[in-house]
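The values are calculated or read from the model by the stated rules, or taken from the named source; none is laboratory data. Given the structure is predicted, the values throughout are model-derived calculations rather than measurements. Note that we place each Cβ from the backbone using ideal geometry, even for glycine, and neighbour counts take in every protein chain shown.
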Amino acid sequence: MSLDQVSAQSVAIVPAAGRSKRFGGVKLLADISGEPLLHHTLRCLLDGGVSRVVVVVAPAAQLAPVRLLADPRVTVVTNPDPSRGMFSSIQAGLTSASGERFVVLPADMPFVQSDTVAAVLSETAHRDTAVVPVYRGQRGHPLGVPGRLRDGLLAADPRGSLKEALAATKVTPVAIDVDDPGVLRDVDVQEDLEGSGSG
């Protein structure tokens, strides 16, 4: 299977409905090198080869400054009750998308490299199983999920976790080593942006 074939059938799910309480503001609009944080997350996915990105937001989310949300490859859907947890947003994204494979990347992980996204997609396609990137022994994101697991994930308790839902499908993610510290670097507080070109 060529890289183009892998890309053409790949969808990214980006849960972006968190309340950002610890950050103290609209975290996804925080400036990194002149662009909102969410822009960088979306850019790495599109540059990494996904054909479509589904961003799952809270009701009344205000993300207009993120220019890539206007890209025809990007779709925004709403999680009506984000208080149920991140997995409920992942399910909302899966409900609105179909594909041969998915990658799940939380919106607050803008430092993942596009090469990592491409590697996860490729391994998910070739192995037909879930794939997780590992940097220096630590598992990170994005997680690759084959399309055959979609129905099982949608049937799981939305208040649970993706890890629990995968376990219920009897799938153990295959780990692949990557040279990308960004797979471990999410943004929870303002200090997490230090040294990143934030303004």
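Figures for the structure shown
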read-out	value
Residue within region 43-58 that is within 14 Å of A16 (Cα to Cα), crowded, with 21+ Cβ neighbours inside 10 Å and of a type outside the set (A, V, I, L, M) present	no
Unmet requirement for A107, which otherwise passes all of (1) hydrophobic (A, V, I, L, M, F, W, C); (2) within 21 Å of P158 (Cβ to Cβ); (3) in contact with a Pro (Cβ under 9 Å, 6 or more places away or on another chain); (4) not in a loop (DSSP other than H, G, I, E, B)	(4)
Cross-chain or 6+ apart pairs with Cβ under 8 Å, region 109-135 first and under 15 Å from P181 (Cα atoms), then among the polar types (S, T, N, Q) and in a helix (DSSP H, G or I)	M109/T41; P110/T41; V112/T41; P133/T116
Residue satisfying condition, being part of a strand (DSSP E or B), within 30 Å of A30 (Cα to Cα) and either modelled with pLDDT of 95 or more or charged (D, E, K, R) (or both), within set V145, V117, V112	V145
Residue identified as closer than 14 Å to V53 by Cα and of a type in the set (K, R) among R73, R127	R73
Tally of residues being under 14 Å from G99 (Cα atoms) and buried (at least 20 other Cβ atoms within 10 Å of the Cβ) across region 131-148	2
Test: residue in region 183-192 that is closer than 24 Å to S88 by Cα, buried (at least 20 other Cβ atoms within 10 Å of the Cβ) and either at pLDDT 95 or above or not hydrophobic (A, V, I, L, M, F, W, C) (or both)	yes
Only one of S89, S96, S122 that is under 25 Å from E35 (Cβ atoms) and hydroxyl-bearing (S, T, Y)	S89
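Quick grid of which residues meet (1) small (G, A, S); (2) over 24 Å from R43 (Cβ atoms); (3) under 14 Å from the mean Cα position of the chain (by Cα):
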residue	(1), (2), (3)
P80	no, yes, no
G85	yes, yes, no
R101	no, no, yes
H126	no, yes, no
R136	no, yes, no
R159	no, yes, no
